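Asks: Input: one structure, supplied below.
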Amino acid sequence: MEKKELTCINCPMGCQLTVTIDGKYITVTGNTCPRGEDYAKKEVTDPRRIVTSSVPVRGSETKRISVKTKTDIPKGKIFDVMEVIKKTTVNAPIEIGDVVCENVADTGVQLVATQRAK
Amino acid sequence: MYCRNVDIAIIGGGPAGLAAALAAREAGVQDVLILERDTKLGGILNQCIHNGFGLHTFKEELTGPEYAARFADRVIAEGIEYKLGTMVVDLSKDKTITAMNREDGMFTIKAKAVILAMGCRERPRGALGIPGFRPAGIFSAGTAQRFVNIEGIMPGKEVVILGSGDIGLIMARRMTLEGAKVKVVAELMPYSGGLKRNIVQCLNDYGIPLKLSHTVVDIKGKERVEGVTIAQVDAKNKPIPGTEEFYACDTLLLSCGLIPENELTTGAGIEMNPVTSGAVVDNSLETSIPGIYACGNVLHVHDLVDYVSEEAGNAGRNAAKFVLDAGREEAGSDPIIMKTGKGVRYTVPSKICREKVEKDVLVRFRVDNVYKDVKLGIFFDGELVRSVKKRTVAPGEMEELRIRKEELDKFPDVREITVGFAED
């Protein structure tokens with residue numbers, strides 16, 4: 001049996017979680033909402049993060065717009081995702097939520113715009 | 001110079017100003033004008049491209065620009081008037097605003113009510129007293145954030161960060177993702193000034209060390225930063241000789257606190273709270289000048305924009321009420337004074353006017369140190385009325401308690417309410 005102390009990163013409450021791993025069975029205490037349990041289970045098996053950055057825009061007064069991975073991606077792939085983002089340029093006009101890149105760095109996750117450029 | 005009249009003028013089009021405007025409109029005031037210095041609405045959120053905003057307000061995790069757009073789009077859809085690129089230079093006691101922009105030149109606005117929503121500024125190097133030359137390569141964390149996220153320019157390659165405020169932590173991750181090497185985050189205090197989640201996902205995820213009770217004692221380099229010396233400090237925050245460590249770097253980012261931007265407020269002669277550097281307000285968020293309200297980071301620095309929006313909504317509703325009840329009777333009885341008890345640095349509001357109590361009174365405050373297993377108590381004239389247990393409290397995380405209307409009604413003669421730790 002293994003015990004791990006984690007800080008939940010789902011919201012700014014930052015609950016202190018204790019995860020007990022007993023073979024396949026993972027129990028979580030210290031969370032104040034269901035997100036905490038999900039986070040802790042994922043964090044000890046398949047840690048994931050949302051990646052945010054910004055990319056240059058062509059054809060707009062707005063120089064750059066911000067982007068994010070639509071959902072979280074495996075933590076180990078953060079820098080692969082960043083490599084793709086660094087090579088990405090978008091064309092105006094672009095709306096919030098528009099897909100900038102499908103399946104970014106083979107994560108199966110879309111890269112979407114979080115700002116608009118007219 | 002032209003002059004116009006408006007019902008409610010809002011100074012600042014960031015999260016506080018936008019939420020205040022929407023609430024004022026919803027409460028029935030048509031004539032609302034937002035004055036914004038920048039070229040777009042949304043304020044600082046436009047450069048806060050990371051996620052984690054809006055969990056309380058929208059029950060989903062948004063980035064700063066997305067959160068800002070939710071409010072800005074509604075303001076535009078509602079047809080609320082706003083002026084961009086507009087700098088307010090003066091606010092007077094009689095609620096006359098002097099402002100300027102390229103289209104209108106200099107102009108004045110006579111408002112029935114004013115909402116202060118100017119936000120805050122970062123504490124600059126000059127206010128920190130770090131010895132050494134003044135080379136290029138020293139930025140506030142927010143300036144670096146603007147460079148990287150909006151301009152697409154990296155301020156440097158090897159970075160040391162002084163101060164563990166949230167923007168500093170966010171920038172430690174951001175600079176790392178963009179290929180810089182963040183060598184260390186030094187924090188003067190024995191605890192971090194930022195949110196716990198940011199320590200985890202911005203520092204721990206990337207193996208960036210956080211050195212508590214450490215500060216920068218020297219900056220090397222004359223034209224450009226070549227390195228900084230960091231030393232441990234004692235309980236009185238004095239550097240301990242022999243603990244100095246040199247870090248070669250070309251960039252020093254400062255994340256050493258935020259200061260509400262209140263030049264207009266003090267210029268109008270509004271009573272200030274020396275602890276928050278914001279105005280003294282009552283439970284309707286009204287300042288010492290009737291009809292002038294304050295909300296958001298200009299009132300006290302918040303950790304969460306969700307709370308800014310909520311507070312600003314209250315300011316907007318109360319300002320609308322002030323306009324719609326024109327000629328209302330002045331408050332009859334003296335207000336209840338809010339005091340800080342053991343462990344508490346300040347409270348917002350600073351006083352409670354009974355006439356304005358509609359439902360529970362939300363009191364927000366910060367503690368003065370990190371404490372574990374404490375009871376936060378509400379005391380009426382020294383008597384404990386109620387307490388709430390907390391596993392941990394820290395200065396970097398704002399706390400709140402609600403004083404219930406029934407409690408206030410039950411004690412009609414209470415003069416002072418104190419928020420502070422309760423003994424067992």
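Asks: Under the condition of being among the small types (Gly, Ala, Ser) and farther than 15 Å from B:Ile336 by Cα, which residue from region B:376-396 is surrounded by the fewest Cβ atoms within 10 Å (Cβ to Cβ)? Explain how you work it out, then say what you get.
Replies: The initial filter retains those residues of region B:376-396 that are among the small types (Gly, Ala, Ser), namely B:377, B:382, B:387, B:394, B:396.
If we keep only those that are farther than 15 Å from B:Ile336 by Cα too, we end up with B:377, B:387, B:394, B:396.
Values: B:Gly377: 20, B:Ser387: 18, B:Ala394: 20, B:Gly396: 22.
Filtering first and then ranking leaves B:Ser387.
Asks: Scan B:Phe147, B:Phe133, B:Phe139 and give me the residue that is over 25 Å from the mean Cα position of the chain (by Cα) and aromatic (Phe, Trp, Tyr).
Replies: B:Phe133
Asks: So which of B:Glu407, B:Glu399 is under 26 Å from the mean Cα position of the chain (by Cα), acidic (Asp, Glu) and surrounded by 14 or more Cβ atoms within 10 Å (Cβ to Cβ)?
Replies: Checking each option against the conditions leaves just B:Glu399.
Asks: Determine, yes or no, whether B:Glu78 is surrounded by fewer than 18 Cβ atoms within 10 Å (Cβ to Cβ) and in contact with a helix residue (DSSP H, G or I) (Cβ under 7 Å, 6 or more places away or on another chain).
Replies: yes
Asks: Another question about this same structure. Return only the number of the condition from (1) more than 25 Å from B:Lys40 (Cβ to Cβ); (2) part of a loop (DSSP other than H, G, I, E, B); (3) open to solvent by less than 30 Å² (accessible area, probe 1.4 Å); (4) facing chain B (nearest Cβ under 10 Å) that A:Ile78 does not satisfy.
Replies: Only one criterion in (1) more than 25 Å from B:Lys40 (Cβ to Cβ); (2) part of a loop (DSSP other than H, G, I, E, B); (3) open to solvent by less than 30 Å² (accessible area, probe 1.4 Å); (4) facing chain B (nearest Cβ under 10 Å) is unmet by A:Ile78, namely (2).
Asks: Quickly run through region A:102-118 and pick out the residues that are under 15 Å from the mean Cα position of the chain (by Cα) and surrounded by 17 or more Cβ atoms within 10 Å (Cβ to Cβ).
Replies: Of everything in region A:102-118, those that are under 15 Å from the mean Cα position of the chain (by Cα) and surrounded by 17 or more Cβ atoms within 10 Å (Cβ to Cβ) turn out to be A:Val104, A:Ala105, A:Thr107, A:Val109, A:Gln110, A:Leu111, A:Val112, A:Ala113, A:Thr114.
Asks: Look through region B:70-88, keep the residues that are within 9 Å of B:Leu41 (Cβ to Cβ) and part of a helix (DSSP H, G or I), and return whichever of them is farthest from the other protein chains (Cβ to nearest Cβ).
Replies: Step one: of region B:70-88, the residues within 9 Å of B:Leu41 (Cβ to Cβ) are B:71-72, B:75-76, B:82, B:84.
Retained after the next criterion (residues that are part of a helix (DSSP H, G or I)): B:71-72, B:75-76.
On the way: B:Phe71: 13, B:Ala72: 10, B:Val75: 15, B:Ile76: 12 Å.
In this case the residue turns out to be B:Val75.
Asks: Another question, if that's okay. Of the conditions (1) within 13 Å of chain B (Cβ to nearest Cβ); (2) over 19 Å from A:Asn10 (Cα atoms), A:Cys101 clears all except one; give me its number.
Replies: Every listed condition holds for A:Cys101 apart from (1).
Asks: Now for a different question. Search region B:340-386 for residues being in a loop (DSSP other than H, G, I, E, B) and of a type in the set (Asp, Glu), and hand back the single one that is farthest from B:Val301 (Cα to Cα).
Replies: Checked region B:340-386; the qualifying residue farthest from B:Val301 (Cα to Cα) is B:Asp381.
Asks: Restricted to region B:45-68, and to residues that are within 9 Å of chain A (Cβ to nearest Cβ) and surrounded by fewer than 21 Cβ atoms within 10 Å (Cβ to Cβ), which residue is farthest from the chain's Cα centre (by Cα)?
Replies: Once the filter is applied, the top-ranked residue is B:Glu61.
Asks: Checking the conditions here, which among B:Ser192, B:Ser164 is among the hydroxyl-bearing types (Ser, Thr, Tyr), part of a loop (DSSP other than H, G, I, E, B) and open to solvent by less than 10 Å² (accessible area, probe 1.4 Å)?
Replies: Going through B:Ser192, B:Ser164 in turn, the sole match is B:Ser164.
Asks: State all residues of region A:7-52 that are in contact with a Lys or Arg (Cβ under 8 Å, 6 or more places away or on another chain) and assigned to a strand (DSSP E or B); if no residue qualifies, say none.
Replies: A:Thr7, A:Gln16, A:Thr18, A:Val19, A:Thr20, A:Ile21, A:Ile26, A:Val28, A:Arg48, A:Arg49, A:Thr52 - these are the residues of region A:7-52 that are in contact with a Lys or Arg (Cβ under 8 Å, 6 or more places away or on another chain) and assigned to a strand (DSSP E or B).
Asks: Additional query: How many residues does region B:410-424 contain that are in a strand (DSSP E or B) and open to solvent by 50 Å² or more (accessible area, probe 1.4 Å)?
Replies: Count: 1.
The values are calculated or read from the model by the stated rules, or taken from the named source; none is laboratory data. Keep in mind the model is a prediction, meaning the values are calculated, not measured. With ideal geometry, Cβ positions are generated from the backbone for all residues, glycine too; neighbour counts draw on all protein chains shown. We work out accessible area using only protein heavy atoms, side chains counted, and drop any ligands, DNA or RNA first. Shrake-Rupley method; radii C 1.70, N 1.55, O 1.52, S 1.80 Å.
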